[in-house]
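Input: a single structure, listed below in structure tokens.
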Amino acid sequence: MTNLDKSVEEEILAIIEKYQKEDTKLLNYLITDDEITFFSPLANGNSITAEDLHKVADILKGTFKGMQIVNQEYRFTFEIGL
């Protein structure tokens, strides 16, 4: 799997776009095996709340694994069950 379905992308973007700067609707991610990592520049805004991370995990039918700050960006990793 290299990309999520467009409908899944739209659902996730609807949750995380409120944490991005105005007019910056961007969903940047990388899927490897059974994990997906979302990238969000620190300059875009705030870290995503635990409640919203769990909503994203529910959409992915998976679990939230953790968050890191690397190279001026947030990285949110999920184990996916899609």
Residues located in region 23-82, provided they are open to solvent by 80 Å² or more (accessible area, probe 1.4 Å), among the aliphatic types (A, V, I, L, M) and either more than 17 Å from Asp5 (Cα to Cα) or part of a helix (DSSP H, G or I) (or both): Met67, Ile69
Among residues of region 1-22, those that are at pLDDT below 90, acidic (Asp, Glu) and loosely packed, with under 12 Cβ neighbours inside 10 Å, counted: 1
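The values are calculated or read from the model by the stated rules, or taken from the named source; none is laboratory data. Since the model is a prediction, treat every value here as computed from it, not as a measurement. Don't worry about glycine lacking a Cβ; one is built from the backbone with ideal geometry, like all the others, and counts go over all protein chains shown. Heads up: the accessible areas ignore ligands, DNA and RNA and are worked out on the full protein's heavy atoms, side chains in. Shrake-Rupley method; radii C 1.70, N 1.55, O 1.52, S 1.80 Å.
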